[in-house]
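S.K.: Right, I'll just put the structure down here and ask away after.
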Amino acid sequence: MDDALEEAAKALERGEVPVGAIIVEASGNIIARAGNEKRARLDPSAHAEVLAIRQACTALKTDRLVNCDIYVTLEPCAMCAALIANARIRRIYFAASDPKSGGIQQGARVFDHKQTHHVPEIYSGIGEEKAVKLLRNFFATKRMKL
């Protein structure tokens, strides 16, 4: 999770919402890393998870990441959860819950739907304190500028 938190910090430095993600093979090798780039790319789908999954698929030359895990600093939204299911990622580790936009344990609860083709193992709360601090500081700064 420390590597995902580093990607979140880099996103913060770029003025993005500080969310970071890494994808790790079963062997422990990190094969992809990304932070949010929605503003930089002018792309509402440029979430850290999406960018990391694209990198991993390219690196492994496959559209299925069955022996891979994703570490992300914020609970994935419904879009990212659906992508994680489609990529067949083995496990999700996330730091902070997202009561507003989360798609796993909050909100849409994508993996609870019977139409979901693949349900990964889910682990939450890992590195939560650091992730929450990054997010709170980012949004507090945004509110002060208003």
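The values are calculated or read from the model by the stated rules, or taken from the named source; none is laboratory data. Because the structure is predicted, anything quoted here is derived from the model rather than measured. Cβ sites come from the backbone with ideal geometry, for glycine too, and all protein chains shown count toward neighbours. For accessibility, only protein heavy atoms count, side chains too; no ligands or nucleic acids. Shrake-Rupley method; radii C 1.70, N 1.55, O 1.52, S 1.80 Å.
S.K.: Could you work out what % of the accessible surface of segment 37-108 is carbon and sulfur, using a 1.4 angstrom probe and leaving DNA, RNA and ligands out of the count?
M.R.: 51 percent
S.K.: Along each of its three principal axes, how wide is the spread of alpha-carbon positions in segment 76-141, in whole angstrom units, largest first?
M.R.: Extents along the principal axes, in whole Å: 39, 19, 16.
S.K.: Could you list, in their original order, any pairs among 38/130; 100/142; 10/61; 10/100 whose Cα atoms are separated by more than 20 Å?
M.R.: Details: 38/130 22 Å; 100/142 17 Å; 10/61 27 Å; 10/100 23 Å.
With Cα atoms farther than 20 Å apart: 38/130; 10/61; 10/100.
S.K.: Let me ask something else. Rounded to the nearest 500 deg cm²/dmol, what is the calculated helix-only ellipticity per residue at 222 nm for the chain, with -39500 (n - 2.57) per DSSP H run of length n ≥ 4?
M.R.: So the calculated ellipticity at 222 nm is -12000 deg cm²/dmol.
S.K.: Under a 1.4 Å probe, what is the accessible area of segment 70-146 per residue, stated in Å²?
M.R.: Details: 4480 Å² over 77 residues.
That works out to 58 Å² for each residue.
S.K.: Going by average Cβ density within 10 Å per residue, which order do the peptides 126-132, 69-75, 24-30 take, highest to lowest?
M.R.: The packing order, highest mean first, is 69-75, 126-132, 24-30.
S.K.: Mind putting together the pair-distance distribution for segment 1-61? All Cα pairs, 10 Å bins, whole percent per bin, short to long.
M.R.: Bin by bin from 0 Å, the calculated values are 27, 52, 19, 2.
S.K.: Still on this structure: Just how many % of Cα pairs in segment 38-91 lie over 13 Å apart, if you round to the nearest whole percent?
M.R.: Above the 13 Å cut-off, segment 38-91 has 58 percent of its Cα pairs.
S.K.: May I pose another question? Beyond 21 Å, how much of the Cα-Cα pair distribution for the chain remains, as a whole percent?
M.R.: Every Cα pair in the chain considered, those over 21 Å come to 37 percent.
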